[in-house]
Structure formats: C-alpha cells, structure tokens
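**Student:** Below you'll find the structure I mean.
Computed from the coordinates by the stated procedures, all read-outs in this text should not be read as laboratory data. Since we're looking at a predicted model, the values are computed, not measured. Note: ideal-geometry Cβ built from the backbone for every residue, glycine included; neighbour counts use all protein chains shown.
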Amino acid sequence: QDVMDIEVKPKPPRPHWYERHVQPCVAELLGSALFIFTGCLSVVEDSGGTGRLQPALAHGLALGVTVAVLGDI
C-alpha cells in the first residue's frame, strides 16, 4: 500500500510564446535604448571638467534606478 501513496506532481505549464520570444526582445530593446539615451545625454551635457566620470555615473544611476523600479518583474 505504501507504493500506491506516491504523489504525482503535474508538470508546470509551458510559458506562452509571447513570454518566451517577445518579452525578452522588448526588454533588450528598452534596456539598450535607455543606456544609449542616457549615454548620449551625459556626453552632450558635459560641463568640461568631468571627463569620464559623468557618463559613468549616468549609466550607473540609470542601471540602479531601473533595477529598483523593475526588479520584481
């Protein structure tokens, strides 16, 4: 009788084609656009003496804000 008490776990459902193909592409597109946009703006608004620090901080802060806001997704 112990053999008959085995629980059979159902397989989890496969994700929809949208979740497998479209969502990763949209996420990559938005992430690339965000970093290109912040990178270009940080170089255009360069105040002269900051050098490489301003674009580096702009990208770091953009990444930090993105992870804080969209980290649960």
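**Student:** Assuming R0 = 35 Å, can you tell me the calculated FRET efficiency for the pair TYR18 and LEU57, based on Cβ-Cβ distance, to the nearest 0.05?
**Tutor:** After rounding to 0.05, the efficiency reads 0.45.
**Student:** Obtain the nm distance between the two label points defined at PHE37 and VAL65 by a simple spin-label model: each point lies 7 Å from its Cα along the Cα-to-C-beta direction.
**Tutor:** Those two pseudo-labels are separated by 1.0 nm.
**Student:** With just the Cα atoms of segment 12-73, tell me how far they stretch along each of the three principal axes, in Å, largest first.
**Tutor:** 56, 18, 13
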